[in-house]
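Comments concern the structure below.
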Amino acid sequence: MVTLCQTALPRIVAMRAFRALPYAVCVLALVVTGGCSSSSPDPGSSGAGGVVSTGSVKRLAVTITGTTVTPAPAQVDLPLGSTLELVVTSDHDDELHAHGFDVEEALKSGVPTTLRLTGKEPGSYEVETHEPALTLLTVAVR
Ligand SMILES: [Cu+2]
């Protein structure tokens, strides 16, 4: 199609009104052929353990009742550069700590607290509370 565009070009030099046409055809051809290789968009797929993905942001809501963590602690895969938005609600005052991300937040009883964790360094990091010591999930950045 590059050849087509190049040979078509000299013939329409006089046709000033249609100058943009070959360019439009080239762009159209590129869009059509390029579009074939990309898969259909995936708007908000729901993964395991309550994780909801939207583009490069994953969301997970965690509830703590006493010593019970819902959903049950699991590993959440986070691609490098992606963000995990973690919303934690506890039935008691506590401290929320995301290892490796060096994020610490106070948890107020019944108040949802949002942590935004962006994967910068590959590794496995635990997100926990301190009172009592509970592991909420493990974030695997890769
Ligand atoms: Cu800690």
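Only one of the numbered conditions (1) within 16 Å of the ligand (Cβ to nearest atom); (2) free of Cβ contacts under 8 Å to residues at least 60 places away in the same chain; (3) surrounded by 11 or more Cβ atoms within 10 Å (Cβ to Cβ) is not met by V139, and that is (2). Can you find, within the range 119-129, the residue that is nearest to the ligand (Cβ to nearest atom) among those that are outside any loop (DSSP other than H, G, I, E, B) and more than 13 Å from V69 (Cα to Cα)? Within the range 119-129, the match that is nearest to the ligand (Cβ to nearest atom) is E126.
Restricting attention to the range 78-118, report how many residues are within 16 Å of the ligand (Cβ to nearest atom), in a strand (DSSP E or B) and either not aliphatic (A, V, I, L, M) or not assigned by TED's automatic domain parsing to the domain that holds V51 (or both). Let's see the steps before the verdict.
Step one: filter the range 78-118 for residues within 16 Å of the ligand (Cβ to nearest atom), giving 86, 88, 90, 93-107, 113, 115, 117.
Imposing the further condition that a residue be in a strand (DSSP E or B) reduces the set to 86, 88, 90, 94-98, 103-107, 113, 115, 117.
From the residues that got through so far, the ones that are either not aliphatic (A, V, I, L, M) or not assigned by TED's automatic domain parsing to the domain that holds V51 (or both) too are 90, 94-95, 97, 104-105, 113.
Count: 7.
When the range 90-112 is examined, which residues are found to be among the hydroxyl-bearing types (S, T, Y) and crowded, with 16+ Cβ neighbours inside 10 Å? Let's see the steps before the verdict.
Quick first cut of the range 90-112, residues among the hydroxyl-bearing types (S, T, Y) only: 90, 109.
Within the range 90-112, just S90 meets the criteria.
The values are calculated or read from the model by the stated rules, or taken from the named source; none is laboratory data. Remember, predicted model here, so these are calculated numbers, not experimental data. Heads up, the Cβs are rebuilt from the backbone with ideal geometry, glycines too, and the neighbour counts pull from every protein chain shown.
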